[in-house]
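Asker: Questions regarding the structure given below will be posed in turn.
The values are calculated or read from the model by the stated rules, or taken from the named source; none is laboratory data. In this text the structure is predicted, and so the values were computed from the model without any measurement. Neighbour counts run over all protein chains shown; Cβ positions are idealised from the backbone, glycine included.
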Amino acid sequence: MTIDEQSLALAVAAGTNAVTAVREAMGYSIDDLAVTCGLAIEEILELENSNTTDVAKLRRIATAFGLPEIALITSSVHERTRTSPLG
């Protein structure tokens, strides 16, 4: 399964975390993603819970899924801005 940039943008606009949307669309568990991209489960959970927007980690995830890096980074930053008390 795959996810395109438009579907990702729609998912984020609807309130879904960008990393979660991509992971679920691709049929991956958090454990699967950790193994695939080389991040710790805790790092992925931090990204999915919007506790961090670490561009290097987002790049690793995008690369693991064969997505353009900018799609996941832009969606995550947009989501973080939307949920921020200052956003």
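Asker: How many residues are among the aliphatic types (A, V, I, L, M) and free of Cβ contacts under 8 Å to residues at least 24 places away in the same chain when one looks only at region 1-10?
Answerer: Start the filter on region 1-10 by keeping residues that are among the aliphatic types (A, V, I, L, M), which leaves 1, 3, 8-10.
Right, trim to free of Cβ contacts under 8 Å to residues at least 24 places away in the same chain and you get 10.
Of the residues in region 1-10, 1 are among the aliphatic types (A, V, I, L, M) and free of Cβ contacts under 8 Å to residues at least 24 places away in the same chain.
Asker: Does Ala11 qualify as being surrounded by 16 or more Cβ atoms within 10 Å (Cβ to Cβ), at pLDDT below 90 and hydrophobic (A, V, I, L, M, F, W, C)?
Answerer: yes
Asker: Within region 16-24, is there a residue that is at pLDDT 85 or above, surrounded by fewer than 17 Cβ atoms within 10 Å (Cβ to Cβ), part of a helix (DSSP H, G or I) and in contact with a helix residue (DSSP H, G or I) (Cβ under 8 Å, 6 or more places away or on another chain)?
Answerer: no
Asker: So which residues in region 27-43 are more than 17 Å from Ile73 (Cβ to Cβ) and either assigned to a loop (DSSP other than H, G, I, E, B) or in contact (Cβ under 8 Å) with a residue 12 or more places away in the chain (or both)?
Answerer: Hits for region 27-43 are Gly27, Tyr28, Ser29, Ile30, Thr36, Gly38, Ala40.
Asker: Take the residues in region 60-77 that are more than 15 Å from Ala34 (Cβ to Cβ) and surrounded by fewer than 16 Cβ atoms within 10 Å (Cβ to Cβ), then tell me which one is modelled with the lowest pLDDT.
Answerer: Val77
Asker: For region 44-70, what are the residues that are hydrophobic (A, V, I, L, M, F, W, C), assigned to a helix (DSSP H, G or I) and either within 11 Å of the chain's Cα centre (by Cα) or over 18 Å from Gly27 (Cβ atoms) (or both)?
Answerer: Ile44, Leu45, Leu47, Val55, Ala56, Leu58, Ile61, Ala62, Phe65, Ile70
Asker: Now a separate question. If you scan region 55-65, which residues turn out to be in contact with an Asp or Glu (Cβ under 8 Å, 6 or more places away or on another chain) and more than 15 Å from Ala21 (Cα to Cα)?
Answerer: Lys57, Arg59, Thr63
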